[in-house]
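> Okay, here's the structure, questions in a sec.
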Protein chains: 2
Amino acid sequence: MKIPRKRAYPLDDIRRFLEPGPVVLVSSAHGGQRNIMTMGWHMMMGFEPALFACYLWHGNHTYGLVRRSRECVINLPGSHLLDAVVGIGNCSGAQVDKFERFGLTAGRASQVGAPLIRECHANFECRLYEQRQTDAYHLFIWEVVAAHVAISPRVPETVHYRGNGEFMISGRTISRRRAFRPENL
Amino acid sequence: MKIPRKRAYPLDDIRRFLEPGPVVLVSSAHGGQRNIMTMGWHMMMGFEPALFACYLWHGNHTYGLVRRSRECVINLPGSHLLDAVVGIGNCSGAQVDKFERFGLTAGRASQVGAPLIRECHANFECRLYEQRQTDAYHLFIWEVVAAHVAISPRVPETVHYRGNGEFMISGRTISRRRAFRPENL
């Protein structure tokens with residue numbers, strides 16, 4: 001699969017990719033194990049620091065890896081990776097190495113030990129910012145400490161989960177910039 | 001504006017509308033005041049009970065109303081409501097009644113005191129489930145206690161915010177149902 005060229009991206013502008021609600025891939029590593037999981041329950045929580053929250057079920061193999069390493073990479077797959085996204089969500093890292101099984105390339109992150117997925121359109125390196133909520137709600141709040149985004153296309157076609165095995169594919173972009181107050185942009 | 005006919009919807013299946021990451025409208029009321037705000041920072045957090053989390057900035061007029069009333073309605077606007085969505089996000093309920101200004105119809109909710117927005121495709125009535133996180137993170141966790149969804153279309157065209165005044169309009173739906181393990185559907 002094609003590996004896009006990327007550049008560093010401003011952390012206070014990563015909402016551009018995460019706020020529309022795409023399915024993302026969470027990559028993690030700890031103690032010689034690595035894994036990838038498919039995730040749709042997440043949201044932006046702040047610009048500076050760049051905070052991002054997600055829900056991770058404790059039954060997932062990734063849950064243990066990120067609790068112990070306190071790091072992960074949030075990877076944004078383009079729609080051409082949909083079959084890998086579905087496959088990754090339907091097997092367990094306890095049994096298989098998902099990088100190998102799905103032909104994905106683990107890249108070295110700049111700030112965290114977790115691998116990034118080079119085929120994805122963007123990679124957001126995360127450190128655990130707050131885990132007091134984890135036991136009660138399985139909620140992790142991450143600080144994004146480095147971002148890498150493909151040089152083109154400017155707007156990737158992303159996949160958004162609707163439940164029941166169905167995905168929405170992102171459509172056209174339209175601007176209402178002129179209707180915004182400058183401080184709200 | 002057209003008001004769609006709606007029916008009650010199973011609470012454990014509301015992810016269908018919220019998980020793809022659309023912009024939603026939060027309606028609230030307290031002490032004779034009511035308001036609407038535009039919101040993009042939210043996520044699903046559970047099926048049973050149906051939990052939904054969102055980030056609300058304390059500077060928003062809605063913040064005080066929902067903290068005091070401990071209730072709100074999450075309304076899902078179709079893309080034909082985009083200009084209202086943008087307008088609502090760019091004025092303050094401290095100055096204007098947004099139902100009046102944007103020609104929206106306040107309907108009576110079945111379980112909460114907050115009004116619902118009848119022109120929206122779906123309305124999810126919420127009661128505050130957990131607010132221990134509110135002071136530290138402006139994070140509200142809601143239990144959805146009633147859901148009303150338009151009978152048609154089955155899949156609404158929704159708007160998803162990209163920042164910088166730009167919106168992604170939801171595109172086509174595709175199924176990968178056959179690639180899912182039954183327990184993951």
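The values are calculated or read from the model by the stated rules, or taken from the named source; none is laboratory data. Keep in mind the model is a prediction, meaning the values are calculated, not measured. Using ideal geometry, Cβ is built from the backbone for each residue, glycine included, and neighbour counts are taken over all protein chains shown.
> For segment A:130-157, give me each residue that is part of a strand (DSSP E or B) and closer than 18 Å to A:R5 by Cβ. Full working, then the answer.
Narrowing segment A:130-157 to residues part of a strand (DSSP E or B): A:130, A:139-150.
Hits for segment A:130-157 are A:A146, A:A147, A:H148, A:V149, A:A150.
> For segment A:85-106, how many residues meet the condition of being without any contact (Cβ under 8 Å) to a residue 24 or more places away in the chain, under 21 Å from A:H160 (Cβ atoms) and part of a helix (DSSP H, G or I)?
1
> Restricting to segment A:139-168, name every residue that is surrounded by fewer than 22 Cβ atoms within 10 Å (Cβ to Cβ), facing chain B (nearest Cβ under 10 Å) and within 17 Å of the chain's Cα centre (by Cα).
Result: A:V155, A:E157.
> Let me ask something additional. Can you tell me which of (1) at pLDDT 95 or above; (2) more than 12 Å from every other protein chain (Cβ to nearest Cβ) is the one A:H58 doesn't meet?
(1)
> So is B:S175 more than 25 Å from B:T62 (Cα to Cα), crowded, with 18+ Cβ neighbours inside 10 Å and facing chain A (nearest Cβ under 7 Å) or not?
Spelling it out, it is not the case that B:S175 is more than 25 Å from B:T62 (Cα to Cα), crowded, with 18+ Cβ neighbours inside 10 Å and facing chain A (nearest Cβ under 7 Å).
> Restricting attention to segment A:62-72, which residues are of a type in the set (V, I, T) and either in a loop (DSSP other than H, G, I, E, B) or in contact (Cβ under 8 Å) with a residue 60 or more places away in the chain (or both)?
Across segment A:62-72, the qualifying residue is only A:V66.
> Another question about this same structure. Which numbered condition trips up B:M45, out of (1) more than 10 Å from chain A (Cβ to nearest Cβ); (2) out of contact with any helix residue (DSSP H, G or I) (no Cβ under 6 Å at 6 or more places or on another chain)?
The failed condition is (1).
> Further question: Which of the residues spanning segment B:42-78 are surrounded by fewer than 22 Cβ atoms within 10 Å (Cβ to Cβ), farther than 22 Å from B:F102 by Cα and among the aromatic types (F, W, Y)?
If the condition is that a residue be surrounded by fewer than 22 Cβ atoms within 10 Å (Cβ to Cβ), farther than 22 Å from B:F102 by Cα and among the aromatic types (F, W, Y), then B:F47, B:Y55, B:W57 are the ones that fit.
For (1) closer than 26 Å to B:N164 by Cα; (2) touching a residue at least 60 places away in the same chain (Cβ under 8 Å), each residue gets a yes or a no:
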{"position": "A:P20", "(1), (2)": "yes, yes"}
{"position": "A:V23", "(1), (2)": "yes, yes"}
{"position": "A:S27", "(1), (2)": "no, yes"}
{"position": "A:W41", "(1), (2)": "yes, no"}
{"position": "A:A53", "(1), (2)": "yes, yes"}
{"position": "A:W57", "(1), (2)": "no, yes"}
{"position": "A:I74", "(1), (2)": "yes, yes"}
{"position": "A:G78", "(1), (2)": "yes, yes"}
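> Determine which single condition B:V112 fails, assuming it passes every other condition in (1) under 18 Å from B:G64 (Cβ atoms); (2) modelled with pLDDT under 95; (3) out of contact with any Gly (no Cβ under 9 Å at 6 or more places or on another chain).
(2)
> Next question, about the same structure. Restricting to segment A:158-180, give me the number of residues that are within 15 Å of B:R162 (Cα to Cα), assigned to a loop (DSSP other than H, G, I, E, B) and in contact with a helix residue (DSSP H, G or I) (Cβ under 6 Å, 6 or more places away or on another chain).
The qualifying residues number 1.
> Taking A:E119, is it crowded, with 17+ Cβ neighbours inside 10 Å, among the acidic types (D, E) and outside any loop (DSSP other than H, G, I, E, B)?
Considered against the rule, which asks whether it is crowded, with 17+ Cβ neighbours inside 10 Å, among the acidic types (D, E) and outside any loop (DSSP other than H, G, I, E, B), A:E119 comes out as no.
> Give the residue, chosen from A:F99, A:F52, that is more than 14 Å from every other protein chain (Cβ to nearest Cβ), of a type in the set (F, W, Y) and under 23 Å from A:V159 (Cβ atoms).
A:F99
> Report those strands (runs of 3 or more DSSP E) wholly inside segment A:4-61 carrying at least 2 residues which are among the charged types (D, E, K, R) and in contact with a strand residue (DSSP E or B) (Cβ under 9 Å, 6 or more places away or on another chain).
A:6-8
> Quick one: is A:E125 within 13 Å of chain B (Cβ to nearest Cβ) and closer than 20 Å to A:A8 by Cβ?
For A:E125, the condition - within 13 Å of chain B (Cβ to nearest Cβ) and closer than 20 Å to A:A8 by Cβ - is not met.
> Let me ask you something else. Inspect segment B:152-162 for any residue being in contact (Cβ under 8 Å) with a residue 24 or more places away in the chain, farther than 20 Å from A:V23 by Cβ and in contact with a strand residue (DSSP E or B) (Cβ under 7 Å, 6 or more places away or on another chain) and give the result as yes or no.
The answer is no, given that none of the residues of segment B:152-162 is in contact (Cβ under 8 Å) with a residue 24 or more places away in the chain, farther than 20 Å from A:V23 by Cβ and in contact with a strand residue (DSSP E or B) (Cβ under 7 Å, 6 or more places away or on another chain).
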